2 protein chains.
Amino acid sequence: MTIGILGAGAMGQLFGARLQLAGNDVVFIDASATTIEALNRHGISLTTDGQAEHAPARAGTAQDFAEPLELVVVFTKGFHSAAAIESIRHLIDERSMGLTLQNGLGNAEILAKEFGAERTWIGITDFPADLERPGFLSTSSGGKVRLGPLTGGLERETDDLAARLNTARLNATSDPAIHQAIWEKIAFNAALNTLSAVTGQTVGEIGSSPEARRIVDRVLDETTAVARTKGVTLQRDRVESALENAFTRHKDHKTSMLQDREAGRRTEIDYIGGAVVRLGQEAGVPTPVLWTLSKLVLSAVS
Amino acid sequence: MTIGILGAGAMGQLFGARLQLAGNDVVFIDASATTIEALNRHGISLTTDGQAEHAPARAGTAQDFAEPLELVVVFTKGFHSAAAIESIRHLIDERSMGLTLQNGLGNAEILAKEFGAERTWIGITDFPADLERPGFLSTSSGGKVRLGPLTGGLERETDDLAARLNTARLNATSDPAIHQAIWEKIAFNAALNTLSAVTGQTVGEIGSSPEARRIVDRVLDETTAVARTKGVTLQRDRVESALENAFTRHKDHKTSMLQDREAGRRTEIDYIGGAVVRLGQEAGVPTPVLWTLSKLVLSAVS
């Protein structure tokens, strides 16, 4: 049976190449003709800690495929999720599993519409994936995947899914607190990506500005309060040490949202800071700082 | 008796030149040696609606003068007010009147410390003043001055002060609702200057962004609420039509705060948006949107 990678950007290519190299039958589903052609022609050249490997790749749009997919790993940008997942409806049957490792909030609910909530898995990953051009990427072996079922329970299926990823050296573990981990990543990104997209500052510049750090504090306050309305207790000290680590070790890094803004591309603001604002509004929790930052990102890019 | 102009920037030079041309003895007090030298050497060449005039000018630092000043019109940037007014303490006696036509909040209180509250006048002006270089500026005849006493009462003195300015073609009127007018200007500037300094957008870009306009709305909400704690009822429709006018007629304008930011100069944020936040905190009125914008300006410039 076949594994589908939905969204063949850097992360999609990394996961797909690893799964293909581990002996799985993988298809890459993307909307970009350039990416599809490059993958079909050259496969994927993957460099891990300086070690080169090559995986053949089969790529196309959703319409190019007909066989049901056993597992779909979703990596599209948040604003493409709904259309992308609808486009593969004909490849999903009652045995298909969906796994979103995307950034942001709201993707799992979109997957659940097509896969069913009890066939939807959520997770986060910190693998680096540096795409030189389609089909040529580098990574390290140090990344991890943490995952869990959207709805709870399903321990055996989750362990099987993690084991499957681990045969492809994807260092996956089943995390009973996966919702908490996702919200902590959201808090991190809501603070750092949103702020950097507004100010144009690097991670180090944010870390060394007392004013920016006060905004970060308020974003964490607001995100913690909204997470609580979803029954999730965000461990603020963990988010803060992840931020401190970024401030000191990734000083010159520009967040993906700032890179998107500088390139004039649409950002994922609606799925990160904007999603926290929306959930806050639904629950009656005020999020005025994130509201302001999110509007500023939209105002500056539109 | 002598009139002092404290802060010989564009507005200071305009007011000083007009008062000098109307037969007053004017001294320009500034901290910039370049400005002082230029004014002393060339006087002021003033072009009003294309019509040229020339006024001699006597300029120096506070220490260069000894005679008591009958009237001091203050035009320094907010963050220089306290030091500037302290520096002319030896020129102030019990008959001296202080008039601040500065932008922002908090200047009148600084004047009142030296002049006494009952010798302090406040006001706003919308004269354009375009400074090509020190001593060369252009304006139009269409500007106005509205003024009133800081503490109320003092109708006769206020009318006399307005009359005095009017002999110098400064179109001054005594405005019984001067506090309201000042707060409406604060609301206008807190929305437009602060937002443009954060986003880098022109007035027209702000006006054409629905997201930016929603931020403007929230800033007006917050400023209205803080003004109310000071007993001032802000007429929101007047502020909104001033903003609409700016959006349509001054599309390409960059606010002074954006110009300051782009030039790497210190901004007046602490005296505009930041002052509203501070007064809000004192009164227990939340101003999270202005708080965020103010911190962003400080973070981006520092």
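The values are calculated or read from the model by the stated rules, or taken from the named source; none is laboratory data. In this text, all values refer to a predicted model and were calculated from it rather than measured experimentally. Using ideal geometry, Cβ is built from the backbone for each residue, glycine included, and neighbour counts are taken over all protein chains shown.
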Restricting the stretch B:291-302 to residues that are polar (S, T, N, Q) and either surrounded by fewer than 20 Cβ atoms within 10 Å (Cβ to Cβ) or more than 7 Å from every other protein chain (Cβ to nearest Cβ) (or both), the one nearest to the chain's Cα centre (by Cα) turns out to be B:SER294
Exercise. In this structure, does B:GLU211 turn out to be buried (at least 17 other Cβ atoms within 10 Å of the Cβ), out of contact with any Leu (no Cβ under 9 Å at 6 or more places or on another chain) and farther than 20 Å from B:THR76 by Cα?
Worked result: no
When every residue in the stretch A:189-209 that is within 19 Å of A:PRO288 (Cα to Cα) and more than 9 Å from chain B (Cβ to nearest Cβ) is compared, the one nearest to the chain's Cα centre (by Cα) is A:ASN189
In the set A:GLY7, A:GLY78, the lone residue that is closer than 28 Å to A:ARG119 by Cα, among the small types (Gly, Ala, Ser) and at pLDDT below 95 is A:GLY78
Within the stretch A:256-285, restricting to residues that are away from chain B (no Cβ under 12 Å) and among the basic types (Lys, Arg), the one that is farthest from A:VAL226 (Cα to Cα) is A:ARG265
Among the residues of the stretch B:241-278, the number that are of a type in the set (Asp, Glu) and assigned to a helix (DSSP H, G or I) is 4
Expected single match for among the small types (Gly, Ala, Ser), outside any helix (DSSP H, G or I) and modelled with pLDDT of 95 or more among B:ALA83, B:ALA38, B:ALA52 is B:ALA52
Those residues of the stretch B:248-261 which are within 15 Å of B:ASN193 (Cα to Cα) and in contact (Cβ under 8 Å) with a residue 24 or more places away in the chain amount to B:HIS250, B:LYS251, B:ASP252, B:HIS253, B:LYS254, B:THR255, B:SER256, B:MET257, B:LEU258, B:ASP260, B:ARG261
Those residues of the stretch B:25-35 which are outside any loop (DSSP other than H, G, I, E, B) and either more than 21 Å from B:LYS77 (Cβ to Cβ) or among the hydroxyl-bearing types (Ser, Thr, Tyr) (or both) amount to B:ASP25, B:THR34, B:THR35
A:ARG266 charged (D, E, K, R), touching an Asp or Glu at 6+ places or on another chain (Cβ under 8 Å), in the same structural domain as A:VAL285 (by TED's automatic domain parsing) and at pLDDT 95 or above
no
Please verify whether the stretch B:228-238 includes one or more residues that are more than 19 Å from B:ALA197 (Cα to Cα) and within 14 Å of chain A (Cβ to nearest Cβ). no
Pairs returned, first residue in the stretch A:1-20 that is closer than 18 Å to A:GLY78 by Cβ, second residue that is assigned to a helix (DSSP H, G or I) and aliphatic (A, V, I, L, M), beta-carbon separation under 6 angstrom, 6 or more apart or interchain, are A:LEU6/A:ALA84
Among B:ILE215, B:ILE110, B:ILE178, B:ILE186, the single one that is more than 14 Å from chain A (Cβ to nearest Cβ) and in contact (Cβ under 8 Å) with a residue 60 or more places away in the chain is B:ILE186
Restricting the stretch B:218-227 to residues that are hydrophobic (A, V, I, L, M, F, W, C) and more than 10 Å from every other protein chain (Cβ to nearest Cβ), the one nearest to A:SER294 (Cα to Cα) turns out to be B:LEU220
Residues of the stretch B:256-283 being closer than 22 Å to A:VAL289 by Cα and polar (S, T, N, Q), in sequence order, are B:THR267, B:GLN281
Across (1) over 17 Å from B:ALA212 (Cα atoms); (2) within 12 Å of chain A (Cβ to nearest Cβ); (3) buried (at least 20 other Cβ atoms within 10 Å of the Cβ); (4) in contact with a Lys or Arg (Cβ under 9 Å, 6 or more places away or on another chain), B:PRO288 clears everything bar (1)
Taking the stretch B:58-113 and keeping residues β-branched (Val, Ile, Thr) and surrounded by fewer than 18 Cβ atoms within 10 Å (Cβ to Cβ) leaves B:THR61
Picking from B:LEU39, B:LEU21, the residue that is farther than 20 Å from B:ILE178 by Cβ, surrounded by 16 or more Cβ atoms within 10 Å (Cβ to Cβ) and touching a Phe, Trp or Tyr at 6+ places or on another chain (Cβ under 7 Å) would be B:LEU39
From the option list A:LEU111, A:LEU46, A:LEU99, A:LEU71, single residue qualifying as modelled with pLDDT of 95 or more and part of a helix (DSSP H, G or I) is A:LEU111
